[in-house]
Structures are given as C-alpha cells and as structure tokens.
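Reading through the structure tokens given below for one structure.
The values are calculated or read from the model by the stated rules, or taken from the named source; none is laboratory data. Since the model is a prediction, treat every value here as computed from it, not as a measurement. Positions of Cβ are backbone-derived with ideal geometry, glycine not excepted, and every protein chain shown enters the neighbour counts. Calculation scope for accessible area: heavy atoms of the full protein, side chains included, ligands and nucleic acids excluded. Shrake-Rupley method; radii C 1.70, N 1.55, O 1.52, S 1.80 Å.
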Amino acid sequence: MSSRRCRVLLVDDDPDLLRLLSLRIQSAGYEVHTATSGGEALSMMGVSRPQAMITDLRMEGMDGMALFQHIHSQDHALPVIVLTAHGTIPDAVQATQQGVFGYLTKPFDASEL
C-alpha cells in the first residue's frame, strides 16, 4: 500500500475560507495545495498534479465554471467540485451536465464535503 496521499487543489479568492477548507481537507488525510484565483490554479496544475479540485464558483477574473471548462478540456478524468454561496438548482443541474463531479452550496456541511 502506498503512503502517498491524494492531492487536492483548493481554489477560492477568500483567504479565510481557503484556510478553513484546507484544514478540513488535510484533517481528512489529503495533501492540499491552494490557489487564490483560477489563473493561479491553472499555473499550479503541472506542479501540484492534483487528483481532485475544489473551486469556488464566483471569483474575480476566471470564475469556477470557466476554470472547470479549461481543466475539463485537458483532463476529463479530474473530479472537480464547485462550491458556491449563490447556487440554484438549475445552476447545479447545468454544472453536473457539463461534467462537474459535485456542486455544493456554502455554508457547506463538513461531512458532505
């Protein structure tokens, strides 16, 4: 059995939420890398080589869906979970139809995440 932990890239422009998410994901046994924007996340992809991504939906510049679409065009297998404080059922349905692995609203249930 390998001692390597699954790598997760967290993307959120709110530093406090990014820190909270990072602590929760790390405590669940994952290796965490963080980015504060979609552009930063894209530049980290080759270095951090995540096995999953969790991204905020609404961010300055590149939003979470644009980030997902860019990532998904290069790697269909990478699971992406979108977090949003502004989620609606139609948005969630559209995101999952496009291939988003999960869609969670903020505040999120830590056990659900």
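Once fully extended, how much extra length lies between ARG49 and ASP16, figured as 0.36 nm per residue of separation less the alpha-carbon to alpha-carbon distance? Spell out each step's value before the answer.
Values: separation 33, 0.36 × 33 = 11.88 nm, distance 2.38 nm.
Extending this stretch completely gives an extra 9.5 nm.
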**Fill in**
Two pseudo-spin positions, 7 Å from Cα along C-beta at LYS106 and at SER27, lie apart in nanometres by 1.9 nm
**Fill in**
Amide H proximity to LYS106 below 5 Å, modelled H, separation 5+ or other chain, gives THR84, ALA85, HIS86, GLY87
**Asked** Hey, what do the phi angles of the range 91-104 turn into as Karplus ³J(HN,Hα) couplings, whole Hz, using 6.51/-1.76/1.60 and θ = phi - 60°, x for Gly and Pro?
**Response** 5, 5, 4, 4, 4, 5, 5, 7, x, 4, 5, x, 9, 10
**Item:** Accessible surface, per residue, of the chain when the full set of protein chains is kept, probe 1.4 Å, Å²
**Value:** 57 Å²
**Request:** Report, to the nearest whole %, how much of the accessible area of the chain belongs to carbon and sulfur atoms, 1.4 Å probe, protein only.
**Result:** 52 percent
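Net charge around LEU10, counting only other residues with Cβ within less than 15 Å of its Cβ (Lys, Arg = +1; Asp, Glu = -1)?
Working: positive: ARG5, ARG7, ARG19, ARG24, ARG49, LYS106; negative: ASP12, ASP13, ASP14, ASP16, GLU31, GLU40, ASP56.
Spelling it out: positives minus negatives among the neighbours equals -1.
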**Message:** Positive end of the dipole of the range 19-88, charges at C-beta (+1 Lys, Arg; -1 Asp, Glu), about the Cα centre: which of LEU83, MET44, LEU21 has its Cα farthest in that direction?
**Reply:** LEU21
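Give me the dipole magnitude in Debye, nearest 20, for the chain about the Cα centre, with unit charges on the beta carbon: positive for Lys and Arg, negative for Asp and Glu. Could you put the intermediate results ahead of the total?
On the way: 8 positive and 13 negative charges, 96 e Å.
The dipole of the chain has a size of about 460 debye.
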**Structure-derived mean projected area of the Cα convex hull in nm²: which label, when the choices are (i) 7.1; (ii) 7.6; (iii) 6.7** = (i)
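Let me check something: with ligands and nucleic acids excluded, how do ILE25, ILE89 order by accessible area (1.4 Å probe), largest to smallest? Present the calculation step by step, with values, prior to reporting the outcome.
Numbers: ILE25 15, ILE89 135 Å².
Descending order: ILE89, ILE25.
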